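Below is one structure; the comments refer to it alone.
Here, each number is a calculation from the coordinates, and none is a lab measurement. Predicted model only: the values in this text are computed from it and were never measured. Cβ placement follows ideal geometry from the backbone for every residue including glycine, while neighbour counts extend to all protein chains displayed.
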Amino acid sequence: MSWLSPEMADIVIQILKSLVIMLAVVVCGALLSWVERRLLGLWQDRYGPNRVGPFGAFQLGADMVKMFFKEDWNPPFVDKLIFTLAPVVAMSALLIAFVVIPVTPTWGVADLNIGLLFFFAMAGLAVYAVLFAGWSSNNKFALIGALRASAQTLSYEVFLGLSLMGIVAQVGSFNMRDIVDYQAQNVWFIIPQILGFATFFIAGVAVTHRHPFDQPEAEQEIADGYHIEYAGMKWGMFFVGEYIGIVMVSALLVTLFFGGWHGPFGLLPEVPFLWFALKTGFFIMLFILLRASLPRPRYDQVMAFGWKVCLPLTLINLLVTGALVLAAQ
Amino acid sequence: MATIHIDGKTYEVDGSDNLLQACLSLGLDVPYFCWHPSLGSVGSCRQCAVTQYNDENDKRGRLVMSCMAPVQDNMWISVEDEEAKKFRASVVEWLMTNHPHDCPVCEEGGHCHLQDMTVMTGHNKRRYRFTKRTHQNQELGPFVAHEMNRCIACYRCVRYYKDYAGGTDLGVYGAHDNVYFGRVEDGVLESEFSGNLTEVCPTGVFTDKTHSERYNRKWDMQFAPSICHGCSTGCNISPGERYGELRRIENRFNGEVNQYFLCDRGRFGYGYVNRTDRPRQVLLDGQALSIDTAFARLSDRLKARRLVGIGSPRASLESNHALKELVGAENFSTGLTQSEQELLELTLDILQNGPLPTSTLRDVEAHDAVFVLGEDLTQTAPRIALAVRQAAKGKATEIAAGMKIQDWHALAVKNVAQNALYPVFIASTQETRLDDVADTLHAAPADLARFGFAVAHFIDNTAPVVTGLSNEVLAQAQSLALSLLAARRPLLVAGSSLGSRAILEAAANIAKALKNREKAASISLVVPEANSLGLALLGGKPLESVLDLSTADALFVLENDLYRRLDAQRVDEALSKVSTLVVLDHQQTETLKKAQFVLPAATFAEADGTLVSQEGRAQRFFQVFDPTFYKPGDQVRESWRWLHGLSSALKGQAIDWTLLDHATEACAAAVPALAGIRDAAPKASFRIKGLKLAREPLRYSGRTAMRAKINVHEPRIPQDQDTAFAFSMEGYSGTQELRQQIPFAWAPGWNSPSAWNKFQDEVGGHLRAGDPGVRLIEPSGADSHWFSVCAAYQPEAGRFISVPVHHIFGSGEMSALTPVMQSRIPAPYAVVSSEDAERLGLKDGAQVQLRSDTQSLTVTLNLSTQLQPGLIGLPVGISAIPVKAGLVIDAIEECVQ
Amino acid sequence: MIRSIIHILHGTYTQLRSLVMVFSHAFRKRDTLQYPEEAVYLPPRYRGRIVLTRDPDGQERCVACNLCAVACPASCISLQKTEAEDGRWYPEFFRINFSRCIFCGMCEEACPTTAIQLTPDFEMADFRRQDLVYEKEDLLISGPGKYPEYNFYRVSGLSITGKPKGAAQNEAAPINVKGLLP
């Protein structure tokens, strides 16, 4: 056991922690497919999947068995390399972004100084998944879906970044733990950065292509858009990737605006993970509630809303925050 | 032409029409019952009321019955006027007061004129609360069912049956709303045209009994334009199929041929198509084979052999030509005996090279003097007899015209004419069913011919003189010649049914004589079978000349029963020599039973092909249904397809199932006289608005269930590569676009045969797209010699010469196989003159034995006062009786009981 | 400007209101019926499995008039008319291809004799499609179904054994055609 020096032990522990977090996120994402259906059922006065296991909880297992045993089919007309690459990117981009999330004071994969920027970078990468999938499918619906998705993601990413600049200005750091600590010492950013929260939340929904911003996958118009040609596990990776995106954005919202692992008013500091999980769970539920309640707007409305409403709002937010920060100095 | 204003619109119409005809010809829907294009107007049902105005300023107007109102120039009428509409609805309502609650169990339902008119007038609720009058029905024989409760007293049936078709046993009895249309007592309807009652009756009083056992609605049948194979007239028919069975024959309107009417042989004699004993598999020595194996074995057997082919006058031109191609012209026989073929060739010669044009069936009705020489038309070509009857009645129209009465004014025309008739003269061996409108002469065939020669001489004295005729006969001949000369358009009808060459020669002389006297006369020659004339145009050797066969020969027999043509011994002898006898037929004939190879041929209902009728009209018949749809292993194919496939197999090529157009084209290209058959019907590529033509009405039901018992997985419907028709309701079935070939009569709101109105240029006229078929024969007049007079008939003591007696039911080879027809087919009998019977001490109805040098027959003896002594009439085509004419019977002896 | 801001604010409000409204459904009773554990209530006029009924005399009501077949939009009914000794019409075979049937009930509407009726039964799934082809033996029931009184032949003018001409509803005795009375 001579190699097990304290430094080495730290490294091993850190690797194990990272693996646990990754698994937890992936399982969370997968489980969401069942949770979403149950919640939709609840809000639509029905049951949802309730036959497999207690409350239908094993539905996920059934779905996975089905998906694994499906033929891994590549249509003959696709560009095979990129076609295969697309779902990998879709799933991994936002999963990797999770490294910057501080789950509790002691748990977290990486404590990067440029944490927030890393997230932006990964969110930007996620566009490629859609773009690759749409282009390589060699299908007009897929291509239209991909174009919509890229245009939408690019537009919304503009103020996705800008909406957080207020926080960065106030904290003076891109480091997530600094942001969480700042909130614990002062006030949660939901209060001063309410406009930032609103726009970031909207942008977050948009970059994960969730309702009501799911034009890229609009069934009625373009028959599921960019992943129309996908089946089996590849399609499953897109599917899980989307849920991981939800978990990711929810975790980020908690971290940035709701004090991360801190309870409100410093309550129960002994259970930081519980707080974090509770708050993240709430936002995940909100995502699903959005899907249950809101109709899908027209594509031009989505673009107009992004550029003409959200972007000015973030700019106002940034200006006001900047002015206040300056005034405080 | 006249200009009339209907509901504010101005139309040009025929000024000699009545208003109803004019409106219907314009395509306007005016409801009617008692009027019929062929029967004229009587104004009895009051259904066709419209409002007539004095002028454009008149707002009140008055109701007139449009069928009784002549069209006048600058007439103002309204069909849509509220009062007229209300009146018409009331008329239907009162016609319906006694109509039973029957439609679901009525065989007229779905093609019922009364249903159509009730819907058209908008009457939909019964207000009459009192009892309905009822009637007992009558049993009218195997063809027509009777249900008097449904009668609306339009009188169409008796007007058709008595006035048009000359029947005597259907009448109207009783008074007011009790009138009864029927016979004095139950019994078989005597008229040979009784089947038309089912289409003439606007409701379900008279329905097709042959269809009743396996009935289905008109909308559920698959139809195709077809040609009747019952005789040589070439009437157009619409056969209907359901579940792989032929269910009903409906009349198909052809303005040049049969118009609205068929004979009972044509309408009811279709049952042979549905016989269960039909050959349906390729058989080699009684063993069923697949088509490929059969072709392989057959081509092995046929290699290096002389192929001999025997064609048939009941097979299509395409089939006969395919056989001729297979065996070569030098080995092809028409399948007719020497004597039959000589008669047929003479017939063709008279039509092609003689002086007179052949008359179309419709044109027969326009002649004003008819001489029928030697034919019993009602039995040999029934529909022509009906047309001759109309020709005789033409006199009434002429008299009426003299009194300025329009020809459609049926009752007035009838009254003013007082049964006056144009002269019709029938020279025959015995009484005929047309005698009631004709003067007659009954004699032996040779004497009939001599009478004809005498008539020719009286018409034109350069014709050979006949000597030795009695003064009485001479006087008849002279008066007939005078009446033919006095006529505007005389018509001469003759034929080969008596098997007498002299009769045809006499007819040729009369034709030449009429031409010499510059009469606008026509001729119509009846030939024995549906495609006899086509076969004559195609050419081939007589049967006897190819029957000298050796064992090295392979003999093909195409849809021909040799035992009907030659003595059994002669046929047996010939067939015993060939080791390979290939028979293509669709019935279990005696010849087929002898075959080593049986190739199952298609009947007219399963085949496409072309026939040439006795007027020289080439007409195409189309496949009604594909038998493999219900019987997947069925191997029935058109004969021309078998033969062409076989010839490609013999050449060592892959089997090439040629298409109809190729078969027709090959035939037309090979025989210049048949070049016209290309145009007999549209080719397979014909489309209307890019659509094929539908064989099924739009409402065709049960498509996803009718085959579900065989397999719930539905196969694609059969694809018809050969014709422009689809085995489906998908396709054009409307009336707007021009088309000649109409599988079934239907137009929106018109489900009954009255829907033909919508396809005609004017009601009862011609099809707007032109009547189907193309005439191949125009006389050249090149033949200019006189035939010399034949010898007179000399009875031989103690011997009897047979004369054929034709029967509408029984003489047709195929129709006689129809089960429902059996009760109408006479039992084997022989007819002799009363004098002979008296001499021999035989009584009417006695069982007698006839003996000739080769055979003996046991038959019932009938007596005739008209038949010449020394002749014995034997029915044609009745089982056990040889068909051959001129058979000599040596003795008649009464059978000992 | 102000107008559009108000418009956006109002829009935001309605969206949030939708969220709340939909969320409130979490506390409502579920509409789903736990079939097959809970039985389904089917009203008497429910359009389910098709049957052929008999008239009060116990005779087949179907007279093979073909109206159901022609009314069927899926063309899944086929039958063949034939006639019994007593003059009644009846179907020689009567086939419904339930793998095609859409249970629209138009056959029942078209039926002039109330023979064909749809029943409150939908549990007819099968493993083989061929078994969904029902013949007359499978369709014919022994009772009169929804219309216990109706008997077509008591109304119809067609005479059958036991009901001669003139014996149907509202019918007078047959006319004596040879009678001399006016």
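Grab the beta carbon distance between A:LEU23 and C:LEU9, set R0 = 60 Å, and tell me the FRET efficiency rounded to 0.05.
Step by step, r from the Cβ atoms, then E = 0.85.
Of the candidates C:LEU118, C:LEU42, C:LEU52, which one comes out as most mobile in a Gaussian network treatment of chain C with C-alpha springs shorter than 10 Å?
C:LEU42
What is the Cα centroid distance between region A:136-170 and region A:1-42, reported in whole angstrom?
Their Cα centres are 28 Å away from one another.
In what sequence, highest mean first, do B:251-263, B:85-97 appear when ranked by Cβ atoms within 10 angstrom?
With the highest mean Cβ count within 10 Å placed first, the list reads B:251-263, B:85-97.
Distance in nm between label sites at B:ASN353 and B:LEU691, each 7 Å beyond Cα in the beta-carbon direction?
Label at B:ASN353, label at B:LEU691, 5.1 nm between them.
How well do other chains shield peptide A:47-55, expressed as the mean number of their Cβ atoms within 10 Å of each residue Cβ?
1
Report, in deg cm²/dmol and to the nearest 500, the calculated mean residue ellipticity at 222 nm for the protein assembly as shown, where each DSSP H run with n ≥ 4 adds -39500 (n - 2.57) and the sum is divided by the residue count.
Details: 39 runs with 478 residues, N = 1408.
Roughly -10500 deg cm²/dmol at 222 nm, from the helical runs in the protein assembly as shown.
On average, how many beta carbons from a partner chain sit within 10 Å of the beta carbon of a residue in B:630-639?
What the average comes to for B:630-639 is 0.
Given Cβ point charges of +1 (Lys, Arg) and -1 (Asp, Glu) and nothing else, what value in debye, to the nearest 20, does the dipole of chain C about its Cα centre take? Please list the in-between numbers first.
Values: 22 positive and 21 negative charges, 180 e Å.
Charge dipole, chain C, about its Cα centre: 860 debye, nearest 20.
Just subtract the alpha-carbon distance of B:ARG297 and B:GLN653 from 0.36 nm times their residue separation and send over the number in nm, one decimal.
Here the segment from B:ARG297 to B:GLN653 would lengthen by 126.7 nm.
Based on the mean of other Cβ atoms within 10 Å per residue, sort peptides C:12-21, A:171-180, B:485-494, C:62-71 so the most packed one is first.
So the order, starting with the most tightly packed, is C:62-71, B:485-494, A:171-180, C:12-21.
Take the alpha-carbon centre of region B:13-45, take the same for region B:600-676, and report the distance between them in whole Å.
42
Under a point spin-label approximation (7 Å from Cα along Cα-to-Cβ), what is the A:GLN301-B:LEU421 distance to one decimal in nm?
8.8
Taking Cα atoms, how many degrees apart are the long axis of helix C:2-24 and the longest axis of chain C, rounded to 10 and kept between 0 and 90?
60
Between B:HIS662 and B:LEU840, take the C-beta separation as r, use R0 = 60 Å, and let me know the FRET efficiency to the nearest 0.05. Could you put the intermediate results ahead of the total?
Numbers: r = 60 Å, r/R0 = 1.01.
Efficiency, from the Cβ-Cβ distance: 0.50.
Across peptide B:129-141, how many C-beta atoms of other chains are within 10 Å of each residue C-beta, on average?
Partner-chain Cβ atoms within 10 Å, mean over residues of B:129-141: 4.
Specify the residue with the greatest mean-square fluctuation among C:ARG47, C:ARG95, C:ARG128, computed from a Gaussian network of chain C linking alpha-carbon atoms under 10 Å apart.
C:ARG128
Could you give the DSSP H helices of chain B that reach 24 angstrom or more along their long axis (alpha carbon positions) and whose average Kyte-Doolittle hydropathy is no lower than -1.0? It would help to have the intermediate numbers written out before the result.
Details: long enough: B:382-402 (31 Å, 0.13).
Helices meeting the criterion: B:382-402.
How many angstrom lie between the Cα centre of region B:475-512 and the Cα centre of region A:290-326?
Each part reduced to its Cα centre gives a spacing of 106 Å.
Rounded, prolate or oblate for chain B? Axes are the square roots of the Cα gyration tensor eigenvalues, ordered a ≥ b ≥ c, and the cut-off for rounded is a/c under 1.5.
Oblate, since a/c reaches 1.5 and b/c is not below a/b.
Nearest 20 debye, what's the magnitude of the dipole of chain B about its Cα centre given +1 on Lys and Arg Cβ and -1 on Asp and Glu Cβ?
Values: 89 positive and 105 negative charges, 423 e Å.
Dipole size: approximately 2020 debye.
If you rank A:MET22, B:MET68, B:MET706 by fewest surrounding Cβ atoms within 10 Å, what's the result? Mind showing how you got there, number by number?
Numbers: A:MET22 15, B:MET68 20, B:MET706 27.
Ordered from fewest to most neighbouring Cβ atoms within 10 Å, A:MET22, B:MET68, B:MET706 come out as A:MET22, B:MET68, B:MET706.
Estimate the FRET efficiency between A:ASP10 and A:ILE191 by the formula 1/(1 + (r/R0)^6), using the beta-carbon distance for r and 35 Å for R0, to the nearest 0.05.
0.40
Could you check the simple spin-label distance between B:ALA520 and B:VAL184, using points 7 Å along Cα→Cβ, in nm with one decimal?
So the label points at B:ALA520 and B:VAL184 sit 4.4 nm apart.
What is the antiparallel percent of DSSP beta bridges lying wholly in region B:800-894, to the nearest 5?
55
Can you name the helices of chain A, as whole DSSP H runs, whose Cα span along the helix axis is 18 Å or more and whose Kyte-Doolittle mean is not below 0.0? Kindly include the intermediate steps, with their values, before the conclusion.
Working: long enough: A:6-43 (52 Å, 1.38); A:80-97 (27 Å, 2.08); A:115-136 (32 Å, 1.89); A:140-171 (46 Å, 1.14); A:194-207 (20 Å, 2.39); A:232-257 (37 Å, 1.55); A:272-293 (32 Å, 1.58); A:311-328 (25 Å, 2.11).
Once both thresholds are applied, what remains is A:6-43, A:80-97, A:115-136, A:140-171, A:194-207, A:232-257, A:272-293, A:311-328.
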